[in-house]
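Q: Here it is, the structure in full.
The values are calculated or read from the model by the stated rules, or taken from the named source; none is laboratory data. None of the values given here were measured: they were computed from a predicted structure. Using ideal geometry, Cβ is built from the backbone for each residue, glycine included, and neighbour counts are taken over all protein chains shown. These accessible areas exclude ligands, DNA and RNA; they are computed on the full protein's heavy atoms, side chains included. Shrake-Rupley method; radii C 1.70, N 1.55, O 1.52, S 1.80 Å.
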Amino acid sequence: MRIVSVVGTRPQLIKAAALQPALRRHHREVFVDTGQHYDDAMAGNFFEELGLTRPDHSLGIGGGGHGDQTGRLLIALEPLLGDANADAVLVYGDTNSTLAGALAAAKLGIPVAHVEAGLRSFDRRMPEELNRVVADHVSRWLFAPTPAAVSNLAAEGITSGVLEVGDLMLDLATRVIEEVRNPAVLATIGLGLGVAVSPGRFLYATVHRAENRDPNAMARWSALLGAVAEPGRPVVLALHPGTRAALDAAGIALPEGVLIVEPQGYRTSLALQLHAAAVLTDSGGIQRESAWLGVPCLVLRTTTEWPETVGGSGSSAVLVGLDREAALRELAARAPLARTAEQAAYRASHLYLVGPGAAERIASALTGAGEAFEK
Ligand code: UD1
């Protein structure tokens, strides 16, 4: 098939890196980068690091409000997709680039394939929730990562074209994990960050969600990060440029013990998670990665699209929202200060990842037959 894949943000570049080799074994790909993320640290560096091919089309559409950004994406994508003679348009995840790619294709009558279909936070105040609901409802092929995602789709009446394929990002993590398993990698990483990091002696944090860029929310999570930092166990906060700008605009400075660094590449982020005492994040991707790595993860949200990571006893992640006391309590239980170096060493040496083969399943399920699979 001739497949136009549309990416635009950091997590989509990571997912495209996981899928592209299999996709190109089975199909002809036209690779479109919307440019929703445009800084080197958020986008450019990932091409080289992950071996992604250069895009056939770079649209350079980043920044702006939601309606403005989505509108510009639609205007740019419609003629491109109209001329592409495509059998399918493939979109990933839940960003404005996903929404625009899916909508533009559906309106042109081109079948849409949605990777990471069926995820729901059940919170329609989140821009991502609106994007994923719309993308799912206009898609012909819905590649669901989890059984819960398949059930969510069924609950909305979508059963045709749904295939549970597992998590594409676990395929990629499995591919590179041996490069970061040895804690010695932290020495080089620390030099790059300008911050000394040793196994189990730091907390790794990221914050980028729209709801966490509100001044009140920023005051709360920055106080939370300050409270969990300990002498000899700082918080290393890899800060999204949008969050940094919001902090600056609100005049909020991070407390002592919270060290701000640039957004990190894929391997460095994986290494920082694996060797941290614990992770604090509002990212869905990091929440899943920390579950595979077995590192305690405090989710700075009150909902999740990945209920299996916060499920039963022994699960590695817990939703703490912006509740400082809950964060302190969970951290003390899951990563007690006296034990975190030992926990991190054990984790790194015993880790064993197995990718589900999601990339191959997606690529081989896409056929010219249209409704390729029925439940
Ligand atoms: C987007 C997605 C979100 C996803 C996240 C992954 C939407 C609605 N949100 O959020 O689902 O989890 O990507 O990171 O699509 N900016 C820069 N440099 C960049 C990229 C962004 O400075 O390289 C600035 C933008 O100018 C903007 C802000 O960051 O002011 C937010 O960027 P935007 O692309 O709108 O959404 P994200 O917050 O990155």
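Q: In this structure, does GLY232 turn out to be closer than 15 Å to GLY190 by Cβ and surrounded by fewer than 20 Cβ atoms within 10 Å (Cβ to Cβ)?
A: yes
Q: Looking at ALA348, is it touching a His at 6+ places or on another chain (Cβ under 9 Å) and buried (at least 20 other Cβ atoms within 10 Å of the Cβ)?
A: In short, yes.
Q: What are the pairs with Cβ atoms under 8 angstrom where one residue, in region 231-244, is charged (D, E, K, R) and the other, located anywhere, is part of a loop (DSSP other than H, G, I, E, B) and crowded, with 22+ Cβ neighbours inside 10 Å? Sequence gap at least six, or different chains.
A: Close Cβ pairs satisfying both conditions: ARG233/PHE202; ARG233/ALA277.
Q: Looking only at region 1-59, count every residue that is aliphatic (A, V, I, L, M) and within 14 Å of the ligand (Cβ to nearest atom) and tell me the total.
A: 9
Q: A further question follows. Answer yes if at least one residue in region 216-225 is out of contact with any Cys (no Cβ under 8 Å at 6 or more places or on another chain), more than 25 Å from ARG339 (Cα to Cα) and without any contact (Cβ under 8 Å) to a residue 24 or more places away in the chain, and no otherwise.
A: yes
Q: Can you name the number of the only condition in (1) among the aliphatic types (A, V, I, L, M); (2) farther than 14 Å from LEU280 by Cα; (3) open to solvent by 50 Å² or more (accessible area, probe 1.4 Å) that LEU353 fails?
A: (3)
Q: Looking at ARG132, is it under 20 Å from ASP282 (Cα atoms) and in contact (Cβ under 8 Å) with a residue 24 or more places away in the chain?
A: yes
Q: Looking at (1) farther than 24 Å from ARG324 by Cα; (2) crowded, with 17+ Cβ neighbours inside 10 Å, which one does ALA238 not meet, given that it meets all the others?
A: Only one criterion is unmet by ALA238, namely (1).
Q: Could you tell me how many of the residues in region 196-211 are closer than 18 Å to LEU280 by Cα and open to solvent by 10 Å² or more (accessible area, probe 1.4 Å)?
A: Selection size over region 196-211: 9.
Q: Here are some residues: GLU305, GLU330. Which one is crowded, with 18+ Cβ neighbours inside 10 Å, charged (D, E, K, R) and more than 17 Å from the chain's Cα centre (by Cα)?
A: One residue alone meets the criteria, GLU330.
Q: Condition check: crowded, with 21+ Cβ neighbours inside 10 Å, more than 16 Å from the ligand (Cβ to nearest atom), part of a helix (DSSP H, G or I) and not assigned by TED's automatic domain parsing to the domain that holds LEU270. Does LEU81 satisfy that?
A: When the stated conditions are applied, LEU81 passes them.
Q: OK, next. Within region 212-229, count every residue that is within 16 Å of the ligand (Cβ to nearest atom) and crowded, with 16+ Cβ neighbours inside 10 Å.
A: 5
Q: In addition: Does region 94-111 contain at least one residue that is under 30 Å from GLU179 (Cβ atoms) and exposed (fewer than 15 other Cβ atoms within 10 Å of the Cβ)?
A: No; the residues of region 94-111 include none that is under 30 Å from GLU179 (Cβ atoms) and exposed (fewer than 15 other Cβ atoms within 10 Å of the Cβ).
Q: Additional query: When you scan region 183-198, do you find a residue that is within 30 Å of LEU90 (Cα to Cα) and either of a type in the set (Phe, Trp, Tyr) or assigned by TED's automatic domain parsing to the domain that holds ARG267 (or both), even just one?
A: Among the residues of region 183-198, not one is within 30 Å of LEU90 (Cα to Cα) and either of a type in the set (Phe, Trp, Tyr) or assigned by TED's automatic domain parsing to the domain that holds ARG267 (or both), which makes the answer no.
Q: Those residues that are under 24 Å from the mean Cα position of the chain (by Cα) and either within 16 Å of the ligand (Cβ to nearest atom) or assigned to a loop (DSSP other than H, G, I, E, B) (or both), I need them from region 235-253; list them, please.
A: Within region 235-253, LEU237, ALA238, LEU239, HIS240, PRO241, GLY242, THR243, ARG244, ALA245, ALA246, LEU247 qualify.
Rundown of residues vs (1) free of Cβ contacts under 8 Å to residues at least 60 places away in the same chain; (2) assigned to a helix (DSSP H, G or I), yes/no style:
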| position | (1), (2) |
| --- | --- |
| MET42 | no, yes |
| GLU48 | yes, yes |
| ILE61 | yes, no |
| GLN69 | yes, yes |
| ALA76 | yes, yes |
| VAL89 | no, no |
| ALA104 | yes, yes |
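Q: Something else: Can you tell me which residue within region 69-92, out of those that are of a type outside the set (S, T, N, Q) and in contact with a Lys or Arg (Cβ under 8 Å, 6 or more places away or on another chain), is nearest to ALA113 (Cα to Cα)?
A: ALA88
Q: Continuing with the same structure: I'm checking my understanding of the structure. Among residues of region 261-300 that are open to solvent by 10 Å² or more (accessible area, probe 1.4 Å) and in a loop (DSSP other than H, G, I, E, B), which one is nearest to the ligand (Cβ to nearest atom)?
A: Per the stated criteria, the residue is SER283.
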